[in-house]
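Before any comments, here is the structure.
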Amino acid sequence: MTRLDFTPYRRTTVGFDRLFDLLERQARAQTGDNYPPFNIERRSDDQYRITLAVAGFKPDELDITAQQNLLVVKGHKADIDPASRQFLHIGIANRGFERRFELADFVRVESADLADGLLMIDLLREVPEAMKPKKVLIGGQAPLSVIDGGSSAAA
């Protein structure tokens, strides 16, 4: 296993500790469990969608929890009584799961929908007005105005 070492970057940066900790934690936590499979889609500059393949799960068997910078999706299936049904082959996963997604600052869950065995979670990044770059006029008394769509702002 390759270990990531961010020590040289930690010496020359300030305020990125959370990012480096996140990357190191993700590298350590690679357990190889890929259930359920998922996609992450960027729909626009500030909109994202996470799609999880949760075939066989009903809405009441899924739990979505959004915390600050963390999205947790859990699925819990009721145990099947082996005496009640006789399976000749079991190929459909019928186990619970927990998926965690680290979210960037100011990203919130906008909606969630379950259709055709796919759980779609729409995310939206909303940067507060106070955090947006502002145009400063030299020698002017006019109030500051927010710069719209400027590519000079770092995300």
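Tabulated data
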item: Residue match in the stretch 17-31 (condition: loosely packed, with under 14 Cβ neighbours inside 10 Å, of a type in the set (A, V, I, L, M, F, W, C) and at pLDDT 90 or above); result: no
item: Yes/no for LYS134 being closer than 19 Å to ALA53 by Cα and either at pLDDT below 85 or not aliphatic (A, V, I, L, M) (or both); result: no
item: Criterion (surrounded by 14 or more Cβ atoms within 10 Å (Cβ to Cβ), closer than 28 Å to LEU19 by Cβ and either touching a Phe, Trp or Tyr at 6+ places or on another chain (Cβ under 7 Å) or free of Cβ contacts under 8 Å to residues at least 24 places away in the same chain (or both)) met by exactly one of THR51, THR65; result: THR51
item: Checking ARG10 against (1) farther than 30 Å from LYS132 by Cβ; (2) surrounded by 12 or more Cβ atoms within 10 Å (Cβ to Cβ); (3) modelled with pLDDT under 80, the condition it does not meet; result: (1)
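The values are calculated or read from the model by the stated rules, or taken from the named source; none is laboratory data. Values in this document were obtained by computation on a predicted structure and should not be read as measured data. Cβ atoms come from the backbone with ideal geometry, glycine included; neighbour counts cover every protein chain shown.
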